[in-house]
1. Please find the FRET efficiency linking Arg364 to Arg182, where r is the Cβ-Cβ separation and R0 is fixed at 41 Å, and quote it to the nearest 0.05.
2. How large a share of the accessible area of the stretch 240-396, in percent, is made up of carbon and sulfur atoms when the probe is 1.4 Å and the other protein chains stay in place?
3. What does the extension gain come out to for Glu479 and Val400, with contour length at 0.36 nm per residue minus their alpha carbon separation?
4. For the stretch 26-67, what does the convex hull of the Cα positions come to per residue, in cubic angstrom?
5. Rounded to the nearest 20 Debye, what is the dipole magnitude of the chain about its Cα centre when Lys and Arg each give +1 and Asp and Glu each give -1 at the C-beta?
6. So what's Rg/Rh here for the stretch 251-321, counting alpha carbon atoms and using the Kirkwood radius for Rh?
7. Suppose R0 equals 45 Å; then what is the FRET efficiency for Asp380 and Arg30 from their Cβ-Cβ distance, rounded to the nearest 0.05?
8. With a 1.4 Å probe and all protein chains left in place, how much of the accessible area of the stretch 88-225 comes from carbon and sulfur atoms, in whole percent?
Amino acid sequence: MSRLGLISFSLPLIFALSTRGQAFEPYSFRTYDQQEHPAQLGKLWVTENRGKKNGRLIQLAFVRLKTTAANPQPPIVFLAGGPGVPGTGMGRVPVYFSLFARLQEVADVILLDQRGTGLSTPNLQCPPSKGLAPDTWEAKEKATQALVELVHACAEHWRAQGVDLAAFNTNASADDLEDLRRALGAESISLLGHSYGTELALAAVRRHGEHLHRVVLASVQGPDDDLKVPVVAEFGLRRLGRLMAEDSAVNHDVPDLTGSLKQGFARLEQQPAAIPFTDPATGKSVTLRGGKFALQFLVETRLKDGRSVPVLPAIVATVARGDYSLFAPLVARLHQGFSNLSIMQFPMTCSHGVSVERRALAARQDTQTLLGDPSDIALDPKLCAEVGNPDLGPEFRSPVWSTVPTLFLSGSMDSETPPSNAENIRWGFPNSVHIIVENGFHETLPASEVQDIVVDFFKGQDVSGRRVTFARPVFLNLEQAKAQILAPSNPH
């Protein structure tokens, strides 16, 4: 089959599967620990743009892990985050695969590569770029412009191959799930969504809720939550600051996290850091300029990640005193990895849009908080124009009502998708449970005690009284942080 799958048939849908399942291929699913697991690979043709009479077709790919249950429940479809992360990619992570293997006791598990990702075609990965200007990380305006230019080049590349980028939106992906259900021959399916996957699951609840059996939403992002409210990260920063102040390993270096950050911002505003950098693609050496925005971006993206949080005290403490030994390699990695994009994430995010009320609230808080919202550059209007302005409108951002049994999972320390997100949405889900993992960050699903709850919920058990508490983060002192950050294989 064509890699792009751009076939202009006028058929509404072609199944590469049948209810008897003979179109599945035997597939050895290898996890990142090099273990092989028996599975099946399925492929499904769907219409790229269902609003067009003669819409071309694209192909979805997914891995099915067959159930061991004598009387299985409806298939459980995993919806990965991002947007842009393939379900099969997350399934290869051993701690996630352990959850999926346990869910096989309940039902078939479907690891879906959403349209535009992973093994699905087209896979909308951007071609190599010409690189970024050395001053990209000096200010937010420059980083925004750099991202817009990268998206422009990538969008032109895929449009030249016939891709309708505006068709890669969350409602279309929700309709893909309904097509998948019918292709599997299932009366209903269950959904397990994480982060962006919860937005996709909520769209499926709104559009096809009558065919959903059970839903788990972990690290919940609601229909109008893409533009972050800056005070959430600000309060996340204060929560961490309290823990650092009580930790004898780091409190002498960072007795006041917000105070140290202010010192670091002031230094970088007065004189951005000069960072030697050799472009691996060209071999050319340049000097990057890392300003206040670079530090805001690095801190904000690490606040939500329990794996990255331990090095934050060292990063902030060193920058505050003008030592860029940790800041410099992090900016260099950010610069190098920034252009490694999938265009799929931008029409998906832009399709959600932002309500007038939320944009106004975020704008007010942006100037009143230390970090603002550095990641909102991905919602810049100029960027969304490059991918066709696929805003799905106010209806998409409106509250969702459903009686589908639903489990909400949140981390008490998650400054990306705080527990308040889930509570706001849960008012429209009368048949639901919300479990807040104490000391949990953005990812709670890898923990065995959280997996216990998820498995039991899909088995139909009452999990409303369950409690989970993680250990508090263990912060690294300066030497430990340097050893971790400067290690060649460390991505953080």
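1. With a Förster radius of 41 Å, E is 0.35.
2. 49 percent
3. Here the answer is 23.6 nm.
4. In the stretch 26-67, the Cα hull volume divided by residue count equals 93 Å³.
5. Approximately 580 debye in magnitude.
6. 1.04
7. Once the sixth-power term is evaluated, E becomes 0.70.
8. 52 percent
The values are calculated or read from the model by the stated rules, or taken from the named source; none is laboratory data. Here the structure is a predicted model, which means the values were calculated and not measured. Using ideal geometry, Cβ is built from the backbone for each residue, glycine included, and neighbour counts are taken over all protein chains shown. Ligands, DNA and RNA are stripped out before the accessible areas are found, and what is left, the full protein with its side chains, is counted by its heavy atoms. Shrake-Rupley method; radii C 1.70, N 1.55, O 1.52, S 1.80 Å.
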